[in-house]
Every structure is written in C-alpha cells, then in structure tokens.
Amino acid sequence: MVRPYTLTGGRSRPTTGGLTLLTHIEALYAPEADLFELQPEHRLILSMTRTALSIAEIAARIDLPVGVIRVLVGDLLQASLVSTLESDTTINPPDESILQAVIDGLRAL
C-alpha cells in the first residue's frame, strides 16, 4: 500500500483551483504529451475519463481520497491532458423537496 501523500509528492492542494466533488473531468487527446513520465495513477485517470466522470466518481473507482484525486487531476490539468466541465447540479441545483425526499429515504434505511 502506498501512502496518499507519496502519490501527490506531499502536496495537499491542486495546482489549479475550483475542483469540486461534482466537477467532471474528461481526457483530451494530446499526442505530444510524454505519458511515460506520468505516474500510474495519472494514466489510470486518463484512461477512465475518456468519457467525463466527476471527481467523486474517480475517487470511488480508484479507491483514493478525494484530496489526492484533486491533486492528481490538477497535475493533468496543468499538463493540458484533461478538461473540466461543471456539473448541471452546480448550475441548476435540485429542488429542495427532492433533497428532503433523499434525506428521508436515507433515514428510513
């Protein structure tokens, strides 16, 4: 098992800001990129984001903390290997009654 801080080089914040749990990441085609110098986790993120995934989904699928995923995605953003898309729920938040129904359903479990 590799400690999360070794994956990020001890960094706890991404080099680029604005990455929320609902920010969607999509890999870009960059033939000039030197993918051999990327960490395996970077390559894994690139391979799984050929279709857009949220930061939360990436973290769950790779089984790494969200903070680590934000730092790794920040590296990929800085290298222009991925693009970001804001989630529709960020722009148009769900109705309060829907959120209350979800909370009620979770409490019923």
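Quick check on segment 71-87: of everything there that is more than 18 Å from residue 40 (Cβ to Cβ) and not hydroxyl-bearing (Ser, Thr, Tyr), which residue is surrounded by the most Cβ atoms within 10 Å (Cβ to Cβ)? Give the steps one after another, and end with the answer.
The initial filter retains those residues of segment 71-87 that are more than 18 Å from residue 40 (Cβ to Cβ), namely 77-78, 80, 83-87.
Those left that are additionally not hydroxyl-bearing (Ser, Thr, Tyr): 77-78, 85-86.
Working: 77: 19, 78: 12, 85: 13, 86: 12.
Only one residue fits best here, namely 77.
Cβ-Cβ distance below 7 Å, separation of 6 or more or different chains: which pairs start in segment 80-92 with a residue that is more than 20 Å from residue 16 (Cβ to Cβ) and end on one that is modelled with pLDDT of 60 or more and in a loop (DSSP other than H, G, I, E, B)?
89/22
Name the pairs whose Cβ atoms lie under 6 Å apart, with the first residue in segment 17-29 and without any contact (Cβ under 8 Å) to a residue 40 or more places away in the chain and of a type in the set (Ser, Thr, Tyr), the second surrounded by 14 or more Cβ atoms within 10 Å (Cβ to Cβ) and part of a loop (DSSP other than H, G, I, E, B), and 6 or more positions between them or separate chains?
Within 6 Å, no pair qualifies.
The values are calculated or read from the model by the stated rules, or taken from the named source; none is laboratory data. Just so it is clear, the model here is predicted, and its values are computed rather than measured. Every residue, glycine among them, receives a Cβ derived from its backbone with ideal geometry; neighbour counts consider all protein chains shown.
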